[in-house]
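Shown next, in C-alpha cells, is the structure this report addresses.
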Amino acid sequence: MNKKLLLASLNWFYTLELEQVTLYEEQHRASNDDYIKEVLKHLADVEKGHVENIKKSIRELGSEPSRVGEIIGPIFGKPFSELTTMFGTVNLFNINILLESRAAHDYYKLINEVKDQGLLDVLIRNSIEEDMHRSWFVEQKRQLNKKKFKGQI
Ligand SMILES: [Fe+2]
Ligand SMILES: [Fe+2]
C-alpha cells in the first residue's frame, strides 16, 4: 500500500474513532441505566485512546490528521445528530454492534496491507478492542432479549 492510500485510510479511522467518542459520550449522557452509563463512559475513553494513537501514527508518517467527512451517519442513512437521540436500549445495542463490527472488520483489512511493525501493533490493539466492544454489546442484547422473552421487562 502506498503512503497516500495509507494516510487516506488512517484519516478514515481517525474520523470514525472521533465520531465513536461523540456517540458514546452522547449515549452516556442519555442513558438512565447506571451500569450501562459507566460502560459507555469507559468506551468513550477507550475510543479517545484510539483517536490519539491513530493521530500519532499519521504524524509519524509526516502528515497531519484531518477528518474525511461524515462516516457514521451515512452508514445508517440518517444525520449523526439523530442517531445520538433515538435510543431505545435495543437500538443503542444494534447501532453499536454494527459500528464496532465495521471498525473491527476494517482494521483487519488494513492490518493485512501494512508492513510496518509499529503501525501494525497499533492497528491490532485497536481491532482487538473493537472486537471486545462488539462482543459486550452482543451479550447485552442477548440478555435483554432473554428477559423480554421471559416477560421480566
Ligand atoms: Fe475505536
Ligand atoms: Fe470500539
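The values are calculated or read from the model by the stated rules, or taken from the named source; none is laboratory data. Note that the coordinates shown come from a computational prediction; the quantities given were computed from them, not determined experimentally. FYI the Cβ positions are ideal-geometry reconstructions off the backbone, even for glycines, and counts take in every protein chain you see. What goes into the accessible areas is simple: the full protein's heavy atoms, side chains included, and nothing from ligands, DNA or RNA. Shrake-Rupley method; radii C 1.70, N 1.55, O 1.52, S 1.80 Å.
Values for this structure:
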item	result
Which numbered condition G73 fails, given (1) loosely packed, with under 15 Cβ neighbours inside 10 Å; (2) more than 13 Å from ligand 2 (Cβ to nearest atom)	(1)
Region 24-50 residues that are within 23 Å of N126 (Cβ to Cβ), paired with ones that are charged (D, E, K, R) and open to solvent by 20 Å² or more (accessible area, probe 1.4 Å) (beta carbon under 7 Å, 6 or more apart)	H28/K37; H28/K41; A44/E25; V46/E129
Filter result for L23 (within 14 Å of ligand 1 (Cβ to nearest atom) and either crowded, with 17+ Cβ neighbours inside 10 Å or modelled with pLDDT under 95 (or both))	yes
Selection count where residues are within 14 Å of ligand 1 (Cβ to nearest atom) and surrounded by 15 or more Cβ atoms within 10 Å (Cβ to Cβ), scope region 121-152	11
Residue tally, condition more than 23 Å from P79 (Cα to Cα) and not in a helix (DSSP H, G or I), over region 1-40	4
Output for region 88-120, where each listed residue is surrounded by fewer than 16 Cβ atoms within 10 Å (Cβ to Cβ), of a type in the set (K, R) and within 16 Å of ligand 1 (Cβ to nearest atom)	K109
Region 99-117 - residue that is in contact (Cβ under 8 Å) with a residue 60 or more places away in the chain and away from ligand 2 (no atom under 14 Å from the Cβ) and, of those, farthest from G77 (Cα to Cα)	V114
